[in-house]
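Following: one structure in structure tokens, then a few remarks.
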Amino acid sequence: MEHPQAIDMFAALAHPTRLAVFRLLVGAGPDGLPALEIGRRLDVVASTLSGHLGILKRSGVLTATRHAREIHYAANLSAMNDLVGFLLADCCGGKLENCVDSNNLLSWPEDAQS
């Protein structure tokens with residue numbers, strides 16, 4: 001991942017509504033949700049939500065798939081994993097495995113916390 005792409009992704013998520021959309025879609029799973037359902041669950045009007053969804057999609061953090069007359073949006077976890085990898089590329093001298101615990105969650109090794 002290049003710096004401009006990472007900056008675009010961070011910028012897209014740096015808004016309360018867009019971050020709420022992303023978190024909602026992470027919870028919804030790979031099928032995502034239709035735009036109208038996202039708006040209903042977050043209490044965001046369609047015209048406002050449309051702009052936010054466009055920003056998130058252009059940055060790469062969301063995917064969009066047409067289902068008949070609806071567009072379903074889903075979190076792009078692959079892109080987010082790339083972003084986390086970009087952030088941690090130099091972690092522990094480039095040895096990313098030292099920054100991940102047995103639950104596959106990001107954490108510092110126990111001996112580095114003292």
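All of the numbers you see were taken from the coordinates with simple rules; none came from a lab. Here the structure is a predicted model, which is why all the values come from computation and not from measurement. Cβ placement follows ideal geometry from the backbone for every residue including glycine, while neighbour counts extend to all protein chains displayed.
Suppose R0 equals 30 Å; then what is the FRET efficiency for Cys91 and Thr17 from their Cβ-Cβ distance, rounded to the nearest 0.05?
With a Förster radius of 30 Å, E is 0.45.
Below 10 angstrom from the Cβ of Ala12, what's the summed charge of the other residues (Lys, Arg +1; Asp, Glu -1)?
Combined, the nearby Lys, Arg, Asp and Glu give +2.
Tyr73: net charge of surrounding residues, Cβ under 14 Å, Lys/Arg +1, Asp/Glu -1, itself excluded?
+4
Using 0.36 nm per residue of separation minus the Cα-Cα distance, give me the extension gain between Arg58 and Ala46 in nm, one decimal.
2.5 nm
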